Amino acid sequence: MSMKAPRGTVDILPKDAKKWQYVENEIKRICNHYCYEEIRTPIFEHTELFQRGVGDTTDIVQKEMYTFEDRGGRSLTLRPEGTASVVRAFVQNKLHGAVNQPVKMYYFGPMFRYERPQQGRMRQLNQFGVEVLGSSDPAVDAEVIDLAMTCYQKLGLSSLKLFINSLGDQESRQDYRNALVEHFTPHQSELCSDCQSRLAQNPLRILDCKTDRDHPAMKTAPAILDYLNDESKEYFEKVKEYLEAMGIDYEVDQNLVRGLDYYNHTAFEIMSEAEGFGAITTLAGGGRYNGLVEELGGPDTPGIGFAMGIERLLMALEVENIELPVNEALDCFVIAQGEMAQKEGVKVVHQLRQQNVQVDKDYQQRKMKGQFKAADRLKAKYTIVLGESELEKQVANVKAMDTGDQVEVPLDKIVDYVAEKVQGGSQS
Ligand code: HAM
């Protein structure tokens with residue numbers, strides 16, 4: 001029987017996991033500079049959380065959730081995204097009462113969506129996301145966008161494009177919704193079946209439908225920015241001003257409505273413009289969701305955030321030919337020949353590791369030559385050779401692999417000597 005990972009999932013093998021670790025560490029470092037703290041929430045939640053949080057009419061809730069009943073008869077769902085869970089945790093743990101406001105959080109982790117897999121579209125996908133709860137200052141919108149852009153730029157990406165839009169406040173959004181229903185109703189029968197039901201349930205989503213993209217009614221559809229009330233307009237102006245102050249380029253895209261129900265005011269997406277990136281170019285998406293905390297049982301609290309797919313980030317790095325500085329060299333490899341030397345080798349390896357030296361040895365019973373080859377393959381900076389003649393003299397031979405220089409070091413000094421060499425950074 002051959003067992004394979006389920007469709008839409010992948011194994012992240014050790015050579016790739018190094019890149020994941022690098023990217024995650026860099027992003028965590030950046031989050032620290034922006035004063036965001038990590039939050040970890042469960043991977044499954046009550047199904048109702050996503051129905052209410054993400055929205056009953058969204059594709060995610062209607063078609064893409066991994067929902068199951070547990071042995072106690074509860075309906076649970078593997079999280080399709082992180083925002084609803086973070087807001088649930090915020091409400092449940094009364095973080096609205098925390099001294100430091102707004103509460104700025106970030107998270108990493110797998111999300112699950114039953115989508116049609118293709119390059120850049122997984123059923124188990126990994127996101128890095130942030131959520132800021134408790135401030136309706138447009139400077140926070142700009143900060144969140146800046147943080148997303150900074151993560152990409154610090155990792156070396158340059159072919160990026162930021163699109164922003166405003167969906168306005170509740171009132172503006174309702175006015176716009178009515179205008180869209182009026183506009184599309186005469187064309188209802190010409191639209192795809194999804195859009196026919198969107199017309200009643202979620203008319204904004206018609207604007208980002210891939211099937212009906214070229215329908216003439218799309219081009220004449222009313223534009224959201226014409227329906228923003230003064231307050232919403234002013235808010236959007238401020239966000240743009242702050243972005244400009246930071247030197248962040250953007251383009252306003254009035255059809256950017258996002259696929260989740262909770263958004264109002266600022267919505268944004270970051271796309272890769274790198275050649276050869278493939279059909280799916282959205283790297284990250286987010287926006288403001290001022291009604292969500294209340295919807296999930298908390299006090300009226302504004303919120304904003306975004307999430308980026310780590311798989312798509314790594315794809316973009318690859319397409320832009322960016323080599324991550326993942327350390328592939330090994331500090332030291334211990335080469336031992338003979339039974340006594342093996343025992344000494346086990347001891348030296350252990351002691352070096354206690355001194356925080358990265359070190360390995362042969363476990364394949366290779367001959368001396370094979371062990372040297374293994375040390376080369378692993379790009380060891382130093383080898384310690386323990387042969388019978390060395391043991392007799394109570395010494396070991398330390399070789400700097402880049403220069404070929406060798407020194408004999410007394411066995412009782414070997415650990416300190418190599419630790420000093422490696423940690424001192426010099427190989428001579
Ligand atoms: P989203 O647009 O659904 O937003 O997902 C954000 C990002 O996750 C996407 O831009 C993409 O990079 C990645 N992603 C989504 N689905 C897949 C998939 N099937 N395969 C690979 N990558 C995928 C959210 O999830 C919101 N919670 C973002 C947010 C946070 N809004 C406010 N706060």
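The values are calculated or read from the model by the stated rules, or taken from the named source; none is laboratory data. Model, not experiment: these values are computed from the prediction. Every residue, glycine among them, receives a Cβ derived from its backbone with ideal geometry; neighbour counts consider all protein chains shown.
Summary of computed values
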{"quantity": "All positions within the range 123-155 that are part of a loop (DSSP other than H, G, I, E, B) and acidic (D, E)", "calculated": "D137"}
{"quantity": "Matching residues in the range 292-303 - criterion: being at negative phi and either outside any strand (DSSP E or B) or within 7 Å of the ligand (Cβ to nearest atom) (or both)", "calculated": "L292, V293, E294, E295, L296, G298, P299, D300, T301, P302"}
{"quantity": "One residue from G53, G129 being within 14 Å of the ligand (Cβ to nearest atom) and at pLDDT below 95", "calculated": "G53"}
{"quantity": "L228, sole failed condition from (1) among the hydrophobic types (A, V, I, L, M, F, W, C); (2) modelled with pLDDT under 90; (3) buried (at least 19 other Cβ atoms within 10 Å of the Cβ)", "calculated": "(2)"}
{"quantity": "Qualifying residue in the range 310-325 (condition: in contact with a His (Cβ under 7 Å, 6 or more places away or on another chain), of a type in the set (K, R) and either more than 9 Å from the ligand (Cβ to nearest atom) or modelled with pLDDT of 95 or more (or both))", "calculated": "no"}
{"quantity": "Meets criteria (more than 19 Å from T282 (Cα to Cα) and in the same structural domain as T301 (by TED's automatic domain parsing)) for N264", "calculated": "yes"}
{"quantity": "Test for L95: is it within 19 Å of I304 (Cα to Cα) and out of contact with any Lys or Arg (no Cβ under 7 Å at 6 or more places or on another chain)", "calculated": "yes"}
{"quantity": "Test: residue in the range 257-267 that is at pLDDT 95 or above, surrounded by fewer than 22 Cβ atoms within 10 Å (Cβ to Cβ) and either farther than 20 Å from Y227 by Cα or of a type in the set (S, T, N, Q) (or both)", "calculated": "no"}
{"quantity": "N178, sole failed condition from (1) assigned to a strand (DSSP E or B); (2) surrounded by fewer than 16 Cβ atoms within 10 Å (Cβ to Cβ)", "calculated": "(1)"}
{"quantity": "Selected residue [assigned by TED's automatic domain parsing to the domain that holds T150, within 11 Å of the ligand (Cβ to nearest atom) and not polar (S, T, N, Q)] from G276, G259", "calculated": "G259"}
{"quantity": "Residue within the range 104-114 that is modelled with pLDDT under 95, more than 9 Å from the ligand (Cβ to nearest atom) and surrounded by fewer than 22 Cβ atoms within 10 Å (Cβ to Cβ) present", "calculated": "no"}
